[in-house]
Amino acid sequence: MAGKVFFSVSMSLDGFIAPESTDELMGRQWMELQRWVFPQRFFRENLKLGEGGEEGRDNDILRETFERTGASVMGKRMFDAGERAWPEEAPFHTPVFVVTHEKRDPWERPGGTTFHFVDDGIETALERARDSAGDRDVRIAGGGATILQYLNAGLIDEFTIALSPVLFGSGIRLFEGVDASRVALEPVRTEHSPRVTHLTYAVRER
Ligand SMILES: NC(=O)c1ccc[n+]([C@@H]2O[C@H](COP(=O)([O-])OP(=O)(O)OC[C@H]3O[C@@H](n4cnc5c(N)ncnc54)[C@H](OP(=O)(O)O)[C@@H]3O)[C@@H](O)[C@H]2O)c1
């Protein structure tokens, strides 16, 4: 049975998922946006940052999101930022399909992550991700431009936003350019922790 196609991102209260420039990743805004992630046990384990960490619902959500994902798709800007920041053992441990105009050979990392560069469109990237994921789900990992294309094409089944208590004022807006005449949402669940509010929606066509 084919899995779902989903995305799961952290968003500021005013709707941004990243500062405009990837040079500002690890800057104050990014750290505030992702503050709920860094202390979690699963995050620390997955990035080999050492023992310990928090174990509440935020941690379970990170672990469940990882475990349901059989393959990921991401845009080239997210990949470029990650290529600089991820450790040698990249934190996906599955195939990752990078949507890009660039031609590049697959890049295999220790620990099970292989990045495949797909230069013939979002549908091909998703098809290849579905084939790799088997009965697990495909995560559209980001960033905003890539998520938006999948959303507007009607290819997202479900998404979760971790709404962080921070205001950006400017940056990369998650829903900038969404085809609101086509995309309708159905609430699935809301969960909150002391750090963040997790909002999950199913996507329906209008
Ligand atoms: N808050 C969160 O949870 C979260 C999650 C994920 C990512 N992010 C952040 O999001 C930011 C990146 O987002 P973004 O919206 O700027 O960029 P993006 O979606 O990561 O990448 C866009 C780039 O991907 C390539 N691309 C996308 N669609 C394509 C298509 N159909 N055909 C060919 N190439 C295509 C193009 O690059 P080329 O033309 O160069 O190939 C395009 O410029 C990063 O700062 C990242 O850290 C945040």
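The values are calculated or read from the model by the stated rules, or taken from the named source; none is laboratory data. For clarity, every value in this text was computed on a predicted model and none was experimentally measured. Positions of Cβ are backbone-derived with ideal geometry, glycine not excepted, and every protein chain shown enters the neighbour counts.
Couple of notes before you dig in:
- Some residue of the range 73-96 being modelled with pLDDT of 95 or more, within 17 Å of G142 (Cβ to Cβ), in a strand (DSSP E or B) and away from the ligand (no atom under 11 Å from the Cβ): yes
- Of the listed requirements (1) free of Cβ contacts under 8 Å to residues at least 24 places away in the same chain; (2) buried (at least 21 other Cβ atoms within 10 Å of the Cβ), E45 misses just one: (2).
- Residue match in the range 31-42 (condition: under 24 Å from D137 (Cα atoms), surrounded by fewer than 21 Cβ atoms within 10 Å (Cβ to Cβ), more than 16 Å from the chain's Cα centre (by Cα) and without any contact (Cβ under 8 Å) to a residue 60 or more places away in the chain): yes
Table: residues versus (1) exposed (fewer than 13 other Cβ atoms within 10 Å of the Cβ); (2) more than 27 Å from H192 (Cα to Cα).
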site	(1), (2)
S10	no, no
P19	no, no
W86	no, yes
F92	no, no
K103	yes, yes
P106	yes, yes
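- Take the conditions (1) in contact (Cβ under 8 Å) with a residue 24 or more places away in the chain; (2) closer than 26 Å to A162 by Cβ; (3) out of contact with any Lys or Arg (no Cβ under 8 Å at 6 or more places or on another chain); R128 misses just one of them, which is (2).
- Of the residues G70, G56, the single one that is away from the ligand (no atom under 13 Å from the Cβ), within 14 Å of the chain's Cα centre (by Cα) and modelled with pLDDT of 95 or more is G70.
- Residues satisfying the stated conditions in the range 98-122, i.e. away from the ligand (no atom under 11 Å from the Cβ) and either in a strand (DSSP E or B) or under 15 Å from I140 (Cα atoms) (or both): W107, E108, T114, F115, H116
- Every residue from the range 162-174 that is part of a strand (DSSP E or B), surrounded by fewer than 20 Cβ atoms within 10 Å (Cβ to Cβ) and in contact with a Leu (Cβ under 7 Å, 6 or more places away or on another chain): L163
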